[in-house]
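Working notes for the structure below.
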Amino acid sequence: MSQPSPLNIIQPDEYRGRFAPSPSGPLHFGSLVAAVGGYLQAKVNKGKWFLRIDDIDPPRQAASAIDDILTCLQAHHLDWDGEVFYQSQQTEVYDKVLAWLNENGLSYYCQCTRKQIMAEGGTYLGHCRDRNLTPVNEVIGADGHSQYSLRFLNEVSSLSFHDELMGDIRFPEDVSSEDFIIKRKDGLYAYHLASVVDDIQQGITEVVRGADLLFPSACQMALYRALGASVPKMLHLPVAVFSEGRKLSKQGHAKGLDNKKASLNLYLALAFLGLPVPKTLMHDTPEVILQWGQDNWLINRLYAKPERAMPMFLAEYQVSNFSY
Ligand SMILES: [Zn+2]
């Protein structure tokens with residue numbers, strides 16, 4: 001029997017969403033789509049929309065990126081509620097959760113390399129699960145990296161979940177039951193760990209993000225449950241891709257948003273999501289455009305550009321009940 005949750009489980013009586021960019025570069029159009037979708041969904045549900053900065057990967061962070069993100073959101077009048085939440089200030093909580101997972105037999109050390117896992121087909125299949133590896137007297141490499149990562153022992157695989165936009169989604173078992181990394185060999189906290197712990201700490205009731213994170217959502221469900229929390233609702237939005245099909249990303253050098261074109265950017269984001277936004281609005285103020293978005297926001301009006309970003313998911317996972 002597990003001990004009580006290491007986290008203070010909040011059950012808010014209001015809607016709580018969040019936008020959680022990583023400060024690896026300026027916000028691009030794909031980030032804006034996620035921000036606008038999350039913001040409107042929170043407003044329409046008369047709830048809170050928090051801003052969480054995913055700043056736990058210092059080597060990938062750009063010095064001015066946090067300021068740029070805040071300025072960009074303000075220029076687009078995407079006003080968040082409360083104080084900005086910085087993941088870099090949560091390391092004690094992450095350590096507490098890691099210790100708790102360890103005490104409850106829910107984590108283990110793994111020595112597998114990315115190369116080995118790719119050779120097995122790209123999904124980690126539990127190679128080190130029963131090896132009882134313990135990094136005592138470990139010689140740390142010249143790069144400061146350990147030979148061990150820490151993995152979550154994923155016993156509660158969620159083979160399907162309901163997405164508010166995409167409907168019921170089924171995942172192959174090896175995908176949803178993967179023992180994913182919670183602390184990396186370079187000593188950094190893994191995205192899955194920090195994201196789930198902070199959703200629980202902030203009492204997030206619905207996660208709105210890009211459909212490129214559909215697969216991580218399947219894995220993360222088990223961690224919410226192991227930590228004694230209920231799984232938030234999920235809403236995965238269309239992902240912006242380059243014309244050749246590559247996803248927009250900061251690492252992929254997607255162009256940063258031009259704050260001077262905030263109205264045009266917001267207009268395009270709403271159109272991209274599938275809302276019938278009148279062309280005349282692109283010359284109006286960001287406040288007016290966002291108000292139009294609120295007044296006309298209906299999830300079953302959104303679409304996911306199936307001819308562009310989605311076929312990957314359509315082919316790989318059995319997706320049913322499309323609402324677009
Ligand atoms: Zn391993």
*If you add up the charges near Ile140, with Lys and Arg at +1 and Asp and Glu at -1, over every other residue whose beta carbon is less than 15 angstrom from its beta carbon, what do you get?*
0
*Using +1 at the Cβ of each Lys and Arg and -1 at the Cβ of each Asp and Glu in the chain, identify which of Ala190, Asn296, Gln111 lies farthest towards the dipole's positive end.*
Asn296
*For Arg114 and Ala63, what does the FRET efficiency come to when R0 = 35 Å and r is the distance between their Cβ atoms, rounded to the nearest 0.05?*
0.80
*Determine Rg/Rh for the range 16-319; Rg is computed over alpha-carbon atoms and Rh is the Kirkwood hydrodynamic estimate from the same atoms.*
0.97
_On C-alpha positions alone, give me the angle between the axis of helix 29-44 and the longest principal axis of the chain, in degrees, nearest 10._
80 degrees
*Nearest 5 is fine: what % of DSSP beta bridges in the chain come out antiparallel, could you say?*
55 percent
_Förster radius 41 Å - calculated FRET efficiency between Asp258 and His162, Cβ distance, rounded to 0.05_ = 0.65
*Starting with the highest mean, order 6-13, 130-137, 188-195, 258-265 by the number of other Cβ atoms within 10 Å, averaged over the residues of each peptide.*
188-195, 258-265, 6-13, 130-137
*Do the sum for the chain: with -39,500 (n - 2.57) for every DSSP H run of n ≥ 4, divided by all residues, what is the mean residue ellipticity at 222 nm, to the nearest 500 deg cm²/dmol?*
-9500 deg cm²/dmol
*Length gain on complete extension for the stretch Gln147 to His127, per 0.36 nm per residue less the alpha carbon to alpha carbon distance?*
5.7 nm
*Restricting attention to the chain, give the cysteines that have no other cysteine Cβ less than 4.7 angstrom from their Cβ.*
Cys72, Cys112, Cys219
*Report, in degrees rounded to the nearest 10, the 0 to 90 angle that the Cα long axis of helix 191-201 makes with the longest principal axis of the chain.*
70 degrees
*Size of the dipole of the range 16-319 about the Cα centre, Lys and Arg at +1 and Asp and Glu at -1 on the beta carbon, nothing else charged, in debye to 20?*
500 debye
*Which of Ser230, Ser24, Ser64 moves the most in a Gaussian network model of the chain with Cα springs under 10 Å?*
Ser64
*Apply 1/(1 + (r/R0)^6) to the Cβ-Cβ distance of Asn137 and Gln3, taking R0 = 35 Å, and write down the FRET efficiency to the nearest 0.05.*
0.75
_Among Leu270, Met282, Ile56, which residue has its Cα furthest toward the positive end of the charge dipole of the chain, with +1 on Lys/Arg Cβ and -1 on Asp/Glu Cβ?_
Met282
_Across Lys46/Lys260; Lys48/Lys183; Lys115/Lys183, pairs whose alpha-carbon gap is larger than 25 Å_ = Lys46/Lys260; Lys48/Lys183
_Nearest-ten-degree value, helix 65-75 long axis tilted from longest Cα axis of the chain_ = 30 degrees
*Report the label-to-label distance for Ser24 and Asn45 in nanometres (one decimal), using points 7 Å from each Cα along the Cα→Cβ vector.*
2.7 nm
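Every number here is computed from the coordinates shown, using simple stated rules; none is lab data. These numbers were taken from a predicted model, which means no experiment stands behind them. Glycine gets a Cβ as well: all are built from the backbone with ideal geometry, and neighbour counts include every protein chain shown.
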